[in-house]
Each structure stands twice: as structure tokens, then as C-alpha cells.
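Engineer: The structure follows.
The values are calculated or read from the model by the stated rules, or taken from the named source; none is laboratory data. Keep in mind that this is a model prediction, so the values were computed, not measured. Here the Cβ positions follow ideal geometry from the backbone for every residue, glycine too, while neighbour counts run over all protein chains shown.
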Amino acid sequence: MNPGEVRPAVTQQAEAVGTRLAPRILAIVIGAAVVALAAQVSVRLPLTVVPWTLQPLAVLIVGGLLGAGGGASALVLYLAAGASGLPVFAGGSGGALHLIGPTGGYLLAYPLAAAVTGWLCGRAGGQAGWRTVLGSLLACVVGMLIIHIGGVSQLAILGGDPAAAFRIGFLPFFANDLVKVGLAALVILALRPRLRAIR
């Protein structure tokens, strides 16, 4: 192969990589934006410093649809945007202090929750029928547990009382989060087969 033939081959390979990467990068940016929008649906609850938001639902969906790597990347991008001061956290807030505050444990758990949800959904997707449904539900349950473990752990560290942390950081959200798990699994089951190209 002469030098004149090598250059077009290299150019074609670079274009192929760019063609594959562009949709994936766009999906990651959109995933971060979806979580940011979900954070704006925020309700202050009595007896807890943690607001009720749609963020956990969005985290599970983004992870389940984008896969482990894409989901984690989207949530790292989201946290970086919020830490830099952009108003993407709950109620239009931003700033790095949120990551070390009462809700910081939930936020910091998001990339891992998205990655694990995406990985488990990928394994469930290779199965048939009801096993895929159960696998997707299990993936979302595990992802939600990771979010709460992160959140309650940081509350316990800050307050010095694990029992109180569990009481204010998990119990008020249990019933609603069961609904979020079911909704996330339904969305993932409906959309994931159409998004194979970006995982």
C-alpha cells in the first residue's frame, strides 16, 4: 500500500469513529439535561431536610437507556455542571457545597446508580419475556438502593446518628420510590431496544 492509499484509509477510520461517537456524546449530554430538568420538580417535605424530586427516576432511566458507561458519564457531567455553579440541582440551585451537604450523598451516588442500573439492564436484555421485565425491575431496585445508601450514609456522617439518618433520609421516600422504580422499568423496557446504537 502506497502513502496515497494510506491517507484515505486513515481518514475513513477517523470518520467512522466520529460517526459512532457523535450520537453517544449527544445522548450523554441529553441524559445530563434530563436529570437537571427532573431536579426542578422539587417538593419540600415536613420533618426532613431532603426534598422530594424526580431526580432518582431520571437517574434510573438514563442509566438503563444509555448503559453503564453512558449512564455514569451523563451523571458525572451533571454533577460537574452543578458543582460549577449551574442551577441544575434541586429547585434551581447549584454549587460544590451541595456535594458535601445533606443531599450530597444522594448526588454523589448517582453515577454509580446509573452505571449499575445500565449494566444490569444490559444483562437482562439478553433474556426472553418475563425475565427481561424482572431483570429491568431488579436493576432499578438496585439502582434506587444505591442512591439511598449514599444519601443516608452522608446524612449519618453529618448528623452522627444513623437511625435518624434512616428515618429522615429513607422512610419518607419509600412508597414514592417504589412507584419511581416501576415507572423507570417501564420506560427502559419501552425505549432501550431502540437505542442500541448509542450504548
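Engineer: Do you know which residues across region 60-95 are β-branched (Val, Ile, Thr) and in a helix (DSSP H, G or I)?
Structural biologist: Once the filter is applied, which keeps residues that are β-branched (Val, Ile, Thr) and in a helix (DSSP H, G or I), region 60-95 yields ILE61, VAL62, VAL76.
Engineer: Can I ask one more? Applying the selection to region 52-61, what residues are closer than 12 Å to GLY31 by Cβ and out of contact with any Phe, Trp or Tyr (no Cβ under 9 Å at 6 or more places or on another chain)? Walk me through how you get there before you give the answer.
Structural biologist: So the first thing to find is which residues in region 52-61 are closer than 12 Å to GLY31 by Cβ, and the list is 58-61.
Passing the criteria: ALA58, LEU60, ILE61.
Engineer: Can you tell which of LEU45, LEU79 is in contact (Cβ under 8 Å) with a residue 24 or more places away in the chain and over 14 Å from the mean Cα position of the chain (by Cα)?
Structural biologist: None of the other options fit; the residue is LEU45.
Engineer: Sticking with this one: May I ask you to say which residue of ALA184, ALA165 is under 23 Å from LEU54 (Cα atoms), under 18 Å from the mean Cα position of the chain (by Cα) and either in a helix (DSSP H, G or I) or not polar (S, T, N, Q) (or both)?
Structural biologist: Of ALA184, ALA165, the one residue that is under 23 Å from LEU54 (Cα atoms), under 18 Å from the mean Cα position of the chain (by Cα) and either in a helix (DSSP H, G or I) or not polar (S, T, N, Q) (or both) is ALA184.
Engineer: Same structure again: So, ALA114, is that one under 17 Å from VAL35 (Cα atoms), part of a helix (DSSP H, G or I), of a type outside the set (S, T, N, Q) and modelled with pLDDT of 95 or more or not?
Structural biologist: Here the answer is yes, as ALA114 does meet what is asked.
Engineer: Filter region 181-199 down to residues that are farther than 16 Å from GLY71 by Cβ and either basic (Lys, Arg) or touching a His at 6+ places or on another chain (Cβ under 8 Å) (or both), then give me how many there are.
Structural biologist: Residues in region 181-199 being farther than 16 Å from GLY71 by Cβ and either basic (Lys, Arg) or touching a His at 6+ places or on another chain (Cβ under 8 Å) (or both): 1 in total.
Engineer: On to the next question. Just to be sure, is LEU37 surrounded by fewer than 21 Cβ atoms within 10 Å (Cβ to Cβ), modelled with pLDDT of 95 or more and part of a loop (DSSP other than H, G, I, E, B)?
Structural biologist: no
Engineer: Out of (1) crowded, with 19+ Cβ neighbours inside 10 Å; (2) on the phi < 0 side of the Ramachandran plot, what's the single condition that is false for ALA83?
Structural biologist: Condition not satisfied by ALA83: (1).
Engineer: Run down TYR78, TYR106 and say which single residue is aromatic (Phe, Trp, Tyr), under 19 Å from ASP177 (Cα atoms) and at pLDDT 95 or above. Lay out the reasoning, then the answer.
Structural biologist: Working: TYR78 fails: under 19 Å from ASP177 (Cα atoms).
Unique residue meeting the criteria: TYR106.
Engineer: Could I ask something else about it? Within the group LEU138, LEU134, which residue is modelled with pLDDT under 95 and surrounded by fewer than 20 Cβ atoms within 10 Å (Cβ to Cβ)?
Structural biologist: None of the other options fit; the residue is LEU134.
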